[in-house]
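Visitor: Structure below; questions to follow.
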Amino acid sequence: MKRLLLGDEAIALGAIHAGLSGVYAYPGTPSTEITEFIQGDPLAQKRGVHSRWCTNEKTAMEAALGMSYAGKRALVCMKHVGMNVCADAFVNAAITGVHGGLIVLAADDPSMHSSQNEQDSRFYAKFALVPTFEPSNQQEAYDMVASAFELSERLREPVVLRVVTRLAHSRAAVEVGEPLAEKPLNVSTERWVLLPGIARKRYDALIAKQPEMEQAAEDSIYNKVEQCAEAPRLGIVACGIAYNYVKEVVGEKANLLKVSQYPLPAAAVQALAASNDAILVVEDGQPVVEEQVKGLLGAGYPVKGRLTGDLPRTGELTPDAVAKALGQPAGSAFAPAKHLAARPPQLCQGCGHRDVYTALNQVLADYPTHRVFGDIGCYTLGALPPYQSLSSCVDMGASITMAKGAADAGLFPAVAVIGDSTFTHSGMTGLLDAVNDHSPITVIISDNLTTGMTGGQDSAGTNKFEAICLGLGVEPEHLHVVVPLPKNMAEITRIIREEIEYKGVSVIIPRRECIQTAARHAREARKAKEEKK
Amino acid sequence: MKKDIILCGVGGQGILSIATVIGEAATKAGLYLKQAEVHGMSQRGGDVQSNLRLSTETIWSDLIPQGGADVVISMEPMESLRYLPYLAKTGVIVTSCKPFINIPNYPDEAELMAELEALPAVVKMDIEQVAHEAGNPRGANMVLLGMAAPSIEILSVEQLRQAIATIFARKGEAVVEANLRAFDCGVAVSQKQ
């Protein structure tokens, strides 16, 4: 049967059909739709596949590893920067090894469509010494999940599945198969205790598995050679989705090696090099393979790619960039328009974050030396006009800790703005540091009762924020909840002003539901009422 | 045969429902299809686009190459101009002519319209007004799809009508009828221009 699926949905369905027992994830573009699909899938619901959102990528990774220890197949999903958050657990999962199949899905975002960098998760897999699958299309995305679970169980190691935004968010017809049963509970009898004496043995075991991983890539059905007698003597190494761009440009007329399973199949690369005069490496993301191919072929062999400028050093690949690298003319028939302005995203009309920034700007106008440290969410848009309130946005949770460090250095006033979901993801520990140091900072937890930017997923701390802050030691008289609406502006600005003057940790929680989820909830309520009639 | 279509507009204008209808029609017709969408932050009032490729043969790239788009379907006039480098020499722009101004530096409207009108093949109309007159104020995107329908070629107008009926069936007969009315008004607009 064929189904029209996003790349993300193909992965989700592939996982369910491969007998998945649990998906563990924190929302992050472009990975969010995988978990959402599993949450809504009838078979997954019937089977009781775990799919509730996790507090962050590290808790997700560890829970998935626990499910694997118990013998079942688990999937952990995140956007590329989530790999940084779960890196400790991920890298050490390669040392413990796995029991039930464990797939770590990393959705990279070349061109930073919705991200703060374009790091390439294939580096992480190489760093942790585990295999990677990289689908070129939606069908492979579906098929590879089962292959990755099998390889994970055969090698007893986690396997990375890497996609890029363009595949995650592109739709095509996918031939889907019959669902397999879940694995039974089969708890490992091993001890995954990484004390140095044991860890050294496990690390040696991981190293000993490397030839088998390499052989699996050499033999992989997803890696293939295409040859054409009429093609120029330029061997093309096309990785993942880059294969499509190459095919779009050259059709059948190329000598190429498609790479969709790593470690890099070195023998296949050497064979391609031997029958050509130069190699062009086409890969979306960073020049991971290009560097390896250079090392493999030595300084005398010409290797072209992003490092040599034949392809752009940064940004998402496009068929146009690949055409240029292959010497084909640019295809534009029309010059760019003259009457055109950039249209950046902005906070919705009526959004509570708007009222927060209005109040903050009003108060902070009286404090010329102030800085507001921002965080990651819709409210990062407070950095843009008309508010321009924020001086930083670095990583999840950095608002509180950076405000603290700047306050330690003598900055006054130091204000942090963080969303509810980001606060439970990575802000709580930083707040504890600030409380223990009695740092003079004002923390605004702008609580819209959801994870807004990724489309309104449940937020882990909803209804718990006052208890969390008090539990961490915030003084009750310096913890305030307000409703961010224009009519409450006098009260909100008074509280912000008083708390800035307090020389310790203050927390202000402006709380009003995201207008997007509020509208959705109203629609659902109306529908339920109509159905009742 | 292949048709490359760029759908564009401002986040929240509903370009993805147009894509869903074309996708349904293409799937039913047994065509190959790839549709790259924009999710995430840009959906908050920023510019959004979707690359929709339909073909009787295998489609490789999810992205349309520059100079390759046969049709640009736009919910907003300035947004239609954003994709000029992607428009094929013989390509058609089908757009709403009513600006959506949510930025302080929106270009001069008269100059914008002059630039649009100077292009070889443009179908434009105030789709909100047409939808209003058709008794379906929320059906502006279906008016636009109707305006574009004759240019899509790889799918017939009737195949698109059937897809609208399928997609909106779960919302009831009245919604289907209203959307078909909006679509038909759009088709009529394209025939006049």
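Visitor: Consider only pairs whose beta carbons are under 7 Å apart and that are at least six residues apart or on different chains; among these, list those whose first residue lies in the stretch A:243-255 and is at positive phi and whose second residue is among the charged types (D, E, K, R) and surrounded by 23 or more Cβ atoms within 10 Å (Cβ to Cβ).
Guide: As it stands, the answer is none, since no pair meets every condition given.
Visitor: Another one. So which residues in the stretch B:15-62 are of a type in the set (A, V, I, L, M, F, W, C) and more than 18 Å from the chain's Cα centre (by Cα), if there are any at all? Steps first, answer last, please.
Guide: Let us first name the residues in the stretch B:15-62 that are of a type in the set (A, V, I, L, M, F, W, C), namely B:15-16, B:18-19, B:21-22, B:25-26, B:29, B:31, B:33, B:36, B:38, B:41, B:48, B:52, B:54, B:59-60.
Answer for the stretch B:15-62, where residues must be of a type in the set (A, V, I, L, M, F, W, C) and more than 18 Å from the chain's Cα centre (by Cα): B:Ala29, B:Leu31, B:Met41, B:Ile59, B:Trp60.
Visitor: Oh, and also: Which residue is surrounded by the fewest Cβ atoms within 10 Å (Cβ to Cβ), if the candidates are limited to the stretch A:368-390 and must be closer than 15 Å to A:Gln116 by Cα and among the small types (Gly, Ala, Ser)?
Guide: A:Ala383
Visitor: In the stretch B:79-112, which residues are without any contact (Cβ under 8 Å) to a residue 60 or more places away in the chain, under 20 Å from B:Gly186 (Cα atoms) and hydrophobic (A, V, I, L, M, F, W, C)?
Guide: Those that are without any contact (Cβ under 8 Å) to a residue 60 or more places away in the chain, under 20 Å from B:Gly186 (Cα atoms) and hydrophobic (A, V, I, L, M, F, W, C): B:Val92, B:Ile93, B:Cys97.
Visitor: A further question follows. Of the residues in the stretch A:324-349, how many are in contact with a helix residue (DSSP H, G or I) (Cβ under 7 Å, 6 or more places away or on another chain) and either in a strand (DSSP E or B) or away from every other protein chain (no Cβ under 12 Å) (or both)?
Guide: 1
Visitor: Going residue by residue through the stretch A:174-197, is there one that turns out to be crowded, with 21+ Cβ neighbours inside 10 Å, aliphatic (A, V, I, L, M) and either part of a loop (DSSP other than H, G, I, E, B) or at pLDDT 95 or above (or both)?
Guide: yes
Visitor: Test A:Glu291 against the criterion of being in a helix (DSSP H, G or I), without any contact (Cβ under 8 Å) to a residue 40 or more places away in the chain, over 23 Å from the mean Cα position of the chain (by Cα) and farther than 30 Å from B:Tyr86 by Cβ, and give yes or no.
Guide: The answer is yes for A:Glu291.
Visitor: Inside the stretch A:487-523, can you point out the residues that are among the aliphatic types (A, V, I, L, M), under 22 Å from A:Glu466 (Cβ atoms) and in a helix (DSSP H, G or I)?
Guide: Across the stretch A:487-523, the qualifying residues are A:Ile492, A:Ile495, A:Ile496, A:Ile500, A:Ala518.
Visitor: Among the residues of the stretch A:276-292, is any more than 12 Å from every other protein chain (Cβ to nearest Cβ), crowded, with 19+ Cβ neighbours inside 10 Å and at positive phi?
Guide: Yes, that holds for at least one residue.
Visitor: In the stretch A:450-468, which residues are out of contact with any Phe, Trp or Tyr (no Cβ under 9 Å at 6 or more places or on another chain) and in a helix (DSSP H, G or I)?
Guide: A:Glu466, A:Ala467, listed by residue number.
Visitor: Look at A:Ala63 and say whether it is small (Gly, Ala, Ser), closer than 18 Å to A:His425 by Cβ and surrounded by fewer than 24 Cβ atoms within 10 Å (Cβ to Cβ). Talk me through it step by step, then tell me what you get.
Guide: Numbers: small (Gly, Ala, Ser): yes; closer than 18 Å to A:His425 by Cβ: yes; surrounded by fewer than 24 Cβ atoms within 10 Å (Cβ to Cβ): yes.
Considered against the rule, which asks whether it is small (Gly, Ala, Ser), closer than 18 Å to A:His425 by Cβ and surrounded by fewer than 24 Cβ atoms within 10 Å (Cβ to Cβ), A:Ala63 comes out as yes.
Visitor: I would also like to ask the following. For residues that are surrounded by fewer than 24 Cβ atoms within 10 Å (Cβ to Cβ), within 23 Å of the chain's Cα centre (by Cα) and in a loop (DSSP other than H, G, I, E, B), tally how many sit in the stretch A:402-449.
Guide: Number satisfying all stated conditions: 1.
Visitor: Take the residues in the stretch A:17-43 that are surrounded by fewer than 24 Cβ atoms within 10 Å (Cβ to Cβ) and either hydrophobic (A, V, I, L, M, F, W, C) or modelled with pLDDT under 95 (or both), then tell me which one is nearest to A:Met61 (Cα to Cα).
Guide: Residue satisfying both the conditions and the ranking: A:Phe37.
Visitor: Please report, ordered by residue number, the helices (runs of 4 or more DSSP H) entirely within the stretch A:35-102 with at least 1 residues that are in contact with a Cys (Cβ under 9 Å, 6 or more places away or on another chain), without any contact (Cβ under 8 Å) to a residue 40 or more places away in the chain and of a type in the set (Asp, Glu).
Guide: Numbers: elements: A:42-47, A:57-69, A:82-85, A:87-96.
It comes to A:57-69.
Visitor: Give just the number: which of (1) assigned to a strand (DSSP E or B); (2) of a type outside the set (A, V, I, L, M, F, W, C); (3) in contact with a Phe, Trp or Tyr (Cβ under 6 Å, 6 or more places away or on another chain) does B:Ser50 not satisfy?
Guide: Every condition holds for B:Ser50 apart from (3).
The values are calculated or read from the model by the stated rules, or taken from the named source; none is laboratory data. Quick caveat, the model's predicted, so the values are computed rather than measured. All Cβ positions, even for glycine, are placed from backbone atoms using ideal geometry, and neighbour counts span all protein chains on display.
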